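Colleague: Quick one: the structure is below, questions incoming.
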Amino acid sequence: MYRRFGVLLAAVLGVTLTAAAPATADASKHFPTEFSLPNGWQPEGIAISGTTAYFGSRADGSIYAADLRTGKGEVLAKGPGTPSLGMKVDDKRRLWVAGGVGGDARVYDTRTGALLAKFQFATADTFVNDVVLTERSAWFTDSRKAVLYEVPLNLKPHRTLQLTGDLVVTPGATNLNGIVTGLGGGLIAVQSNTGKLFRIDPRTGKTISVNLHGQTLTNGDGLLREGRQLFVVQNRLNKVARYTLSRDGATLAAERTDARFDVPTTVAAFGKRLYLPNARFTTPPTPETTYNVVAIERP
């Protein structure tokens, strides 16, 4: 589907598609630093594979695919009527999507938009919020429960991992949210309502609070780890913070805001840039409400 869109766009522009090499990271400086999503989309999650960015809709769970080189895109897959939130693309070009209040996860083929699999985790008091991929599994957070959901990459049945230790879940609040892999194994997740960061043992479910050396990750949402650098989107604060991970915790290294931020939620990287969708949580959504994506240099 997305290939057909590229052919159509090329025809409109009067150019010929060739088998040129993919755009390099250095070429990203010529890409637009801001582009629009469909009106009423209500974005939350973002995933980037090659020069294609994927965005889920909180409104109905549809998936939108956009070309970072032009900012143009199209709907890749229609949603089930429940949200699409955090997402990641694996090396088989499959898009893994957290289903929010639907209590589920869905897996799509990014080449065709076909739904490959669906996993129902919970049916009540659930908010499946974000996902990270490891060598063998996809791990999903649930912002209402002290659990993680593990789905094998071979699409075999999932399991629910009960979390113990330092994490204390507040009923009705947005608890665990963004999740990434940790240094040397394990997982790291942020708790939005408390601003705490946790290391999680995926074998036992034990959680250990990370020493933030006096800082608090208030409104912590999407996470991105690059080596020892951990980027944290603090949505309603309109801020991206960069922390340096170490054995004794995480130390604030830099912060970045931008006049174009309007409650950004999640983050993905291409080249020297970070891309963030504006969820606009403080703006009442309508079918005509505008939404966009902004790109910034790493803080």
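Colleague: Looking at VAL210, VAL180, VAL169, which one is of a type in the set (Val, Ile, Thr), under 22 Å from TRP96 (Cβ atoms) and buried (at least 17 other Cβ atoms within 10 Å of the Cβ)?
Modeller: VAL180
Colleague: Sticking with this structure for a sec: Being part of a loop (DSSP other than H, G, I, E, B) and either in contact (Cβ under 8 Å) with a residue 60 or more places away in the chain or among the charged types (D, E, K, R) (or both) is the requirement here; does PRO277 meet it?
Modeller: Spelling it out, it is not the case that PRO277 is part of a loop (DSSP other than H, G, I, E, B) and either in contact (Cβ under 8 Å) with a residue 60 or more places away in the chain or among the charged types (D, E, K, R) (or both).
Colleague: Could I ask something else about it? Quick check: is even one residue across region 106-114 under 17 Å from the mean Cα position of the chain (by Cα), within 19 Å of GLN191 (Cβ to Cβ) and touching a residue at least 40 places away in the same chain (Cβ under 8 Å)?
Modeller: Scanning region 106-114, I find no residue that is under 17 Å from the mean Cα position of the chain (by Cα), within 19 Å of GLN191 (Cβ to Cβ) and touching a residue at least 40 places away in the same chain (Cβ under 8 Å), so the answer is no.
Colleague: Could you tell me whether any residue of region 136-155 is under 27 Å from LYS78 (Cβ atoms), part of a strand (DSSP E or B), open to solvent by 60 Å² or more (accessible area, probe 1.4 Å) and of a type in the set (D, E, K, R)?
Modeller: No, the conditions are met nowhere in region 136-155.
Colleague: Can I ask one more? Just to check your reading of the model, which residue among VAL267, VAL232 is among the β-branched types (Val, Ile, Thr), within 14 Å of the chain's Cα centre (by Cα) and open to solvent by less than 10 Å² (accessible area, probe 1.4 Å)?
Modeller: VAL232
Colleague: Quick one: ASN193 ticks every box in (1) within 21 Å of the chain's Cα centre (by Cα); (2) at positive phi; (3) surrounded by fewer than 18 Cβ atoms within 10 Å (Cβ to Cβ) except a single one, so which number is it?
Modeller: For ASN193, the exception is condition (2).
Colleague: Is it true that ALA122 is open to solvent by less than 30 Å² (accessible area, probe 1.4 Å) and either in a loop (DSSP other than H, G, I, E, B) or without any contact (Cβ under 8 Å) to a residue 24 or more places away in the chain (or both)?
Modeller: The answer is yes for ALA122.
Colleague: Okay, next question. Any chance region 238-246 includes a residue that's over 15 Å from the mean Cα position of the chain (by Cα), surrounded by 18 or more Cβ atoms within 10 Å (Cβ to Cβ) and among the charged types (D, E, K, R)?
Modeller: Checked against the condition, which is being over 15 Å from the mean Cα position of the chain (by Cα), surrounded by 18 or more Cβ atoms within 10 Å (Cβ to Cβ) and among the charged types (D, E, K, R), region 238-246 yields at least one hit.
Colleague: From THR266, THR251, grab the single residue that is in a strand (DSSP E or B) and hydroxyl-bearing (Ser, Thr, Tyr).
Modeller: Just a single option satisfies the conditions, and that option is THR251.
Conditions (1) touching a Gly at 6+ places or on another chain (Cβ under 7 Å); (2) farther than 17 Å from LEU176 by Cβ, marked per residue:
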| residue | (1), (2) |
| --- | --- |
| ASN211 | yes, yes |
| GLN215 | no, yes |
| THR218 | yes, no |
| ARG228 | no, yes |
| VAL233 | yes, no |
| LEU237 | no, yes |
| ARG256 | no, yes |
| ALA259 | no, yes |
| THR265 | yes, no |
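Colleague: Return the pair list, or none, for Cβ contacts closer than 7 Å from residues in region 209-232 that are on the phi > 0 side of the Ramachandran plot to residues that are open to solvent by less than 60 Å² (accessible area, probe 1.4 Å), at least 6 apart or on different chains.
Modeller: Here the result reads HIS213/GLY249; ASN219/SER192; ASN219/GLN234; ASN219/ASN235, each pair linking region 209-232 to a residue that is open to solvent by less than 60 Å² (accessible area, probe 1.4 Å).
Colleague: Here is a further query. Is it fair to say THR160 is open to solvent by 50 Å² or more (accessible area, probe 1.4 Å), of a type outside the set (Gly, Ala, Ser) and part of a strand (DSSP E or B)?
Modeller: Answer is yes for this residue.
Colleague: Restricting to region 51-103, count the residues that are in a loop (DSSP other than H, G, I, E, B), among the acidic types (Asp, Glu) and open to solvent by 30 Å² or more (accessible area, probe 1.4 Å).
Modeller: Matching residues across region 51-103 total 2.
The values are calculated or read from the model by the stated rules, or taken from the named source; none is laboratory data. Given the structure is predicted, the values throughout are model-derived calculations rather than measurements. For neighbour counting, all protein chains shown are included, and Cβ atoms are generated from backbone atoms with ideal geometry for every residue, glycine included. Protein only, heavy atoms only, side chains kept; ligands, DNA and RNA dropped before computing areas. Shrake-Rupley method; radii C 1.70, N 1.55, O 1.52, S 1.80 Å.
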